Amino acid sequence: MPTLFDTLDLKGLKLANRIVMAPLTRCRAGAGGVPLPISATYYRQRASAGLLISEGSYINASSCAFEHAPGIYTDPQVKGWRAVAEAVHAEGGRIFLQLWHCGRVGSDAILNGAQPLAPSEVNDDLDSLQVYGLMANGRYARIAATPARAMTESEIAQTIADYARGAANTIRAGLDGVEIHAANGYLPHQFLSPTTNRRTDAYGGSLENRLRFLREVTEAVVAQVGAGRVGVRISPFAAYNNTRDPDPAGTTAAVAKMLSGYGLAYLHLADTNAWAGSPDMPQLLAAAKPHFGGALIGNGAISPEAALASVADGSFDMVAFGRSFLANPDLPARIRQGGPYNEPRYVGWYGGSEEGYTDYPALAG
């Protein structure tokens, strides 16, 4: 019977335990989306996780919804991420970078006046979209989303190429792999839902066509870095960013079946609705697990006790923790001894300095 503290061979990558740090947007990149030295400190502090998954990192200049999040498409960004990788590896940790394109979730205020790009021009719900910016007074706040326009087929092709470039840049920076962010209402998720994807070409209409964008992104990324260094995060049930999939279970099953054939490092199941008190993990797991032959990561308000049980009973191979890892840089040690746990503070959640970022205390001794 496996435990949360057992090692795991992830397609040849040796993980010290099955505890994962979930991707957490923290918005502390410098000018041009370049990770700063403080981020190397932040990830180094949490390197006792079996696997760290970085905050979402933009694959091109038109994919941003959180101002001051990092990118992975320029040489200075690669250099910034190299410092993070070196800090994590110095502590014996492993880290994947999350590739991010927000699609229709965006604002011309932080896209240099450009419209957000999306599968289709679905703009009936702009007040439901989560876009954030840094105010002149130094506060980080939610701002208004602006209308998106439908991508041309040439723009789709370029975006797929940008995912591939981001993956290659990640390995060039020395990180261990990448996670394709296909969850939480961002671009790949938007292609999956017939509510946000109303295209009539080869990328829209039938479920098979709506899977095409994620399939081509996955193939392009795998071609750059190898399947064993690629994970995918999905959340078809998520209400966040309002994709409104009418058949999330069917979408989950189809995505899991499609991705299983590539021999990926893992499939990351995100129960985003659990944070609002409406967990969907039982349905999500039931829809995905029979169709995916690789490692599964579970994430979404999972307590340490539930994590221990879910690995022991074989539901998941790994469990990802978000807010608790934000507040507890040495979370694996705390889980092993049953606590105590620091509570996350909302000060410094997005943007800022070391406060709420690198100043959470570790266990004494």
So Ala307, is it of a type outside the set (D, E, K, R), in contact (Cβ under 8 Å) with a residue 40 or more places away in the chain and assigned to a helix (DSSP H, G or I): yes
In the stretch 210-230, residue farthest from Leu117 (Cα to Cα) [restricted to those that are in a helix (DSSP H, G or I) and β-branched (Val, Ile, Thr)]: Val225
Total residues in the stretch 310-342, condition within 15 Å of Leu24 (Cα to Cα), of a type in the set (S, T, N, Q) and touching a residue at least 24 places away in the same chain (Cβ under 8 Å): 1
Residue in the stretch 89-101 that is surrounded by the fewest Cβ atoms within 10 Å (Cβ to Cβ), counting only those that are touching a Leu at 6+ places or on another chain (Cβ under 9 Å), part of a loop (DSSP other than H, G, I, E, B) and not basic (Lys, Arg): Gly93
Residue count for the stretch 323-351, restricted to those that are part of a loop (DSSP other than H, G, I, E, B), crowded, with 19+ Cβ neighbours inside 10 Å and out of contact with any helix residue (DSSP H, G or I) (no Cβ under 9 Å at 6 or more places or on another chain): 3
Failed item in (1) assigned to a loop (DSSP other than H, G, I, E, B); (2) surrounded by 23 or more Cβ atoms within 10 Å (Cβ to Cβ), with Asn60 passing the rest: (2)
Answer from Arg104, Arg149 - the residue that is buried (at least 24 other Cβ atoms within 10 Å of the Cβ), over 30 Å from Phe5 (Cβ atoms) and among the charged types (D, E, K, R): Arg104
Hits in the stretch 1-32 (condition: within 22 Å of Ser303 (Cβ to Cβ) and part of a strand (DSSP E or B)): Leu8, Leu15, Ile19, Val20, Met21
Cβ-Cβ under 6 Å pairs, at least 6 apart or on other chains, the stretch 64-91 side within 21 Å of Ile110 (Cα to Cα), far side surrounded by fewer than 22 Cβ atoms within 10 Å (Cβ to Cβ) and aromatic (Phe, Trp, Tyr): Phe66/Tyr132
Selected residue (only one of Tyr140, Tyr163, Tyr186 is modelled with pLDDT of 95 or more, aromatic (Phe, Trp, Tyr) and within 24 Å of Trp349 (Cα to Cα)): Tyr186
The stretch 121-149, subset touching a helix residue (DSSP H, G or I) at 6+ places or on another chain (Cβ under 8 Å) and not β-branched (Val, Ile, Thr), residue farthest from Gly30 (Cα to Cα): Pro147
Subset of the stretch 267-291 that is part of a loop (DSSP other than H, G, I, E, B) and over 19 Å from the mean Cα position of the chain (by Cα) - its residue that is nearest to Ala182 (Cα to Cα): Ser278
Meets criteria (in contact (Cβ under 8 Å) with a residue 40 or more places away in the chain, of a type outside the set (D, E, K, R), within 28 Å of Leu13 (Cα to Cα) and part of a loop (DSSP other than H, G, I, E, B)) for Leu264: yes
Count of the stretch 133-157 residues which are in contact (Cβ under 8 Å) with a residue 12 or more places away in the chain and within 14 Å of Ser62 (Cβ to Cβ): 7
Test: Leu175 is buried (at least 18 other Cβ atoms within 10 Å of the Cβ) and either under 21 Å from Leu269 (Cα atoms) or acidic (Asp, Glu) (or both): no
Among (1) within 14 Å of the chain's Cα centre (by Cα); (2) in a helix (DSSP H, G or I) - the single one Lys79 does not satisfy: (1)
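The values are calculated or read from the model by the stated rules, or taken from the named source; none is laboratory data. Being a predicted model, the structure only gives us computed values, none of them experimental. So basically every Cβ, Gly included, is an ideal-geometry build from the backbone, and we count neighbours across all protein chains shown.
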